[in-house]
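K.L.:
Let me begin by handing over the structure; questions about it come next.
The values are calculated or read from the model by the stated rules, or taken from the named source; none is laboratory data. Keep in mind that this is a model prediction, so the values were computed, not measured. All Cβ positions, even for glycine, are placed from backbone atoms using ideal geometry, and neighbour counts span all protein chains on display. Surface accessibility is based on the protein's heavy atoms, side chains included, excluding ligands, DNA and RNA. Shrake-Rupley method; radii C 1.70, N 1.55, O 1.52, S 1.80 Å.
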Amino acid sequence: MKSWSKGLLFTVTALTVAWLTSIAFASTTTVSSGPPNQKIAPGTAIPLHAAAAFKQAAGQAQAGSPAQMSEQVFKNIQVLKGIPVDEFMGTMGVFTTSLSLCCGNCHTGAGTSNPKWEDDPPRKKTARAMVQMVQNINKTSFGGRQVVTCWTCHRGQLSPSVTPPLDFAYGEAVVSPPDFLARDPNAAKTVDQIFDKFVQAEGGMARINALTSYTAKGKSLLFGEVGAGNPAEIFAKADGHVATFVHQQEGDVVRAYDGTTAWWQLPLTVTPQYPLNGTLLEGAKFDAMMAFPWKIRTFFNNWRVSFGQTIDGVDVDVVQGGLPTGVIGTLYFDKKTGLLKRYIRYANTMVGRIPTQVDYDDYRDVAGVKMPFKYSYAWVSERDDWTFAAYEPNVAIDAAKFGRPDPKTAGDVSGRKAQ
């Protein structure tokens with residue numbers, strides 16, 4: 001597959017993955033893709049038929065009660081049962097990225113105004129069988145550990161390759177690093193030395209401790225799109241609060257964490273807004289600490305130095321840590337400057353881990369601290385490339401910014417002018 005076609009296919013996947021996750025919301029009503037045909041709950045951008053289930057899930061998140069399971073919210077769930085809605089949606093992203101497919105490849109009418117989620121086309125039935133096959137392999141051959149996933153065999157192809165091509169053996173190397181990185185027994189630096197250099201590169205302990213909050217405004221461009229991008233802003237507090245907003249014409253894309261609860265919002269989808277649970281919630285906490293990245297040192301107590309790598313021609317030191325829950329975090333520091341180049345974290349799903357990757361560039365001084373004016377945020381459902389125009393350090397931020405997003409912003413925003 002040519003590189004441009006693969007990029008286009010990934011873009012389609014990113015824009016439509018949330019449709020795939022719905023598998024026909026628990027209703028007999030046919031759902032359209034959005035206004036004007038779709039009926040919306042009064043005062044919100046939530047589809048009318050989904051409003052009751054969404055209200056229940058929202059109440060559970062705010063009250064700290066158990067998460068709503070996929071089979072309680074979605075229809076025709078036969079295999080992916082007993083997992084929260086957010087994990088269920090993540091599994092759809094694992095499928096699409098592992099096979100380079102989009103929603104409509106498995107679901108009749110996905111991405112159109114007349115999806116038929118209740119249909120069972122052959123590929124959906126095959127997907128169910130494959131999930132059961134992989135679960136059985138892991139159970140019988142690996143003691144229940146999640147060793148084999150969709151990606152293990154498919155590697156971005158619809159059908160697994162059977163015979164190794166000679167270009168793979170003698171051509172340019174294509175590296176797919178493992179999730180768990182080996183410790184470098186001969187590492188030239190210790191974990192403490194790498195983090196100490198990072199703190200100094202950021203401006204020193206006194207200056208980074210003086211930065212207690214910030215806001216930043218700029219533009220965000222979705223992967224595969226062209227143009228100036230959409231207005232975007234970030235709000236962050238050093239006590240573990242962060243929220244990012246991308247103001248699209250269709251509504252706001254929001255990631256928010258208030259120190260306890262995390263929310264994800266993607267406009268004009270059947271599930272436009274939902275709370276995070278389990279390792280996805282722990283991942284949101286990780287992201288909040290990474291808004292002040294020198295604080296991440298305390299997130300894990302088992303950091304180890306792995307073998308050095310090269311990213312975009314830059315040699316980097318690599319450190320990795322993990323939690324018993326399965327959350328993994330890997331940091332990549334520029335060997336020359338000491339600044340953070342990239343981080344990758346992983347959350348769990350029934351069918352494989354969900355990676356989230358953030359890349360940093362264009363560091364400049366903000367109140368004596370080095371802050372990135374460019375970064376990209378990527379996971380299985382999208383990638384946003386951000387360019388900041390300015391930061392405002394040590395400002396008061398309304399606590400509401402970090403809570404559940406206003407449902408009115410999750411769909412077509414009436415009266416919003418083009419930016």
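K.L.:
Among the residues of segment 201-208, is there at least one that is among the hydrophobic types (A, V, I, L, M, F, W, C), under 26 Å from the mean Cα position of the chain (by Cα) and at pLDDT 95 or above?
P.N.:
no
K.L.:
Test residue 337 against the stated conditions and say whether it is touching a Gly at 6+ places or on another chain (Cβ under 7 Å) and of a type in the set (Ser, Thr, Tyr).
P.N.:
For residue 337, the condition - touching a Gly at 6+ places or on another chain (Cβ under 7 Å) and of a type in the set (Ser, Thr, Tyr) - is not met.
K.L.:
Same structure, new question: Restricted to segment 394-410, and to residues that are open to solvent by 50 Å² or more (accessible area, probe 1.4 Å) and either more than 23 Å from the chain's Cα centre (by Cα) or of a type in the set (Gly, Ala, Ser) (or both), which residue is farthest from residue 245 (Cα to Cα)?
P.N.:
Per the stated criteria, the residue is 394.
K.L.:
Ok, one more. Here are some residues: 141, 113. Which one is modelled with pLDDT of 90 or more and over 23 Å from the mean Cα position of the chain (by Cα)?
P.N.:
Step by step, each of 141, 113 is checked, and only 141 is modelled with pLDDT of 90 or more and over 23 Å from the mean Cα position of the chain (by Cα).
K.L.:
Sticking with this structure for a sec: Take residue 360 and decide whether it is of a type in the set (Ser, Thr, Tyr) and closer than 30 Å to residue 96 by Cα.
P.N.:
The answer is yes for residue 360.
K.L.:
Moving on. When residues of segment 388-412 are filtered for being among the hydrophobic types (A, V, I, L, M, F, W, C) and part of a helix (DSSP H, G or I), how many remain?
P.N.:
Summing the residues that are among the hydrophobic types (A, V, I, L, M, F, W, C) and part of a helix (DSSP H, G or I) in segment 388-412 gives 4.
K.L.:
Which of the residues that make up segment 136-156 are open to solvent by less than 70 Å² (accessible area, probe 1.4 Å) and without any contact (Cβ under 8 Å) to a residue 40 or more places away in the chain?
P.N.:
137, 138, 142, 144, 147, 148, 152
K.L.:
Sticking with this structure for a sec: Can you confirm whether residue 320 is touching a strand residue (DSSP E or B) at 6+ places or on another chain (Cβ under 7 Å) and surrounded by fewer than 18 Cβ atoms within 10 Å (Cβ to Cβ)?
P.N.:
no
K.L.:
Filter segment 324-347 down to residues that are part of a loop (DSSP other than H, G, I, E, B) and open to solvent by less than 50 Å² (accessible area, probe 1.4 Å), then give me how many there are.
P.N.:
4
K.L.:
Taking the condition of being more than 24 Å from residue 367 (Cα to Cα), open to solvent by 20 Å² or more (accessible area, probe 1.4 Å) and in contact with a Leu (Cβ under 9 Å, 6 or more places away or on another chain), how many residues in segment 224-254 meet it?
P.N.:
Of the residues in that region, 7 qualify.
K.L.:
Let me ask you something else. With 217, 125 as the choices, which residue is open to solvent by 60 Å² or more (accessible area, probe 1.4 Å) and either free of Cβ contacts under 8 Å to residues at least 12 places away in the same chain or in contact with a Gly (Cβ under 8 Å, 6 or more places away or on another chain) (or both)?
P.N.:
Result: 125 is the single residue among 217, 125 that is open to solvent by 60 Å² or more (accessible area, probe 1.4 Å) and either free of Cβ contacts under 8 Å to residues at least 12 places away in the same chain or in contact with a Gly (Cβ under 8 Å, 6 or more places away or on another chain) (or both).
K.L.:
Look at segment 255-276 and say how many of its residues are surrounded by fewer than 21 Cβ atoms within 10 Å (Cβ to Cβ) and either within 15 Å of the chain's Cα centre (by Cα) or over 20 Å from residue 73 (Cβ atoms) (or both).
P.N.:
Number satisfying all stated conditions: 3.
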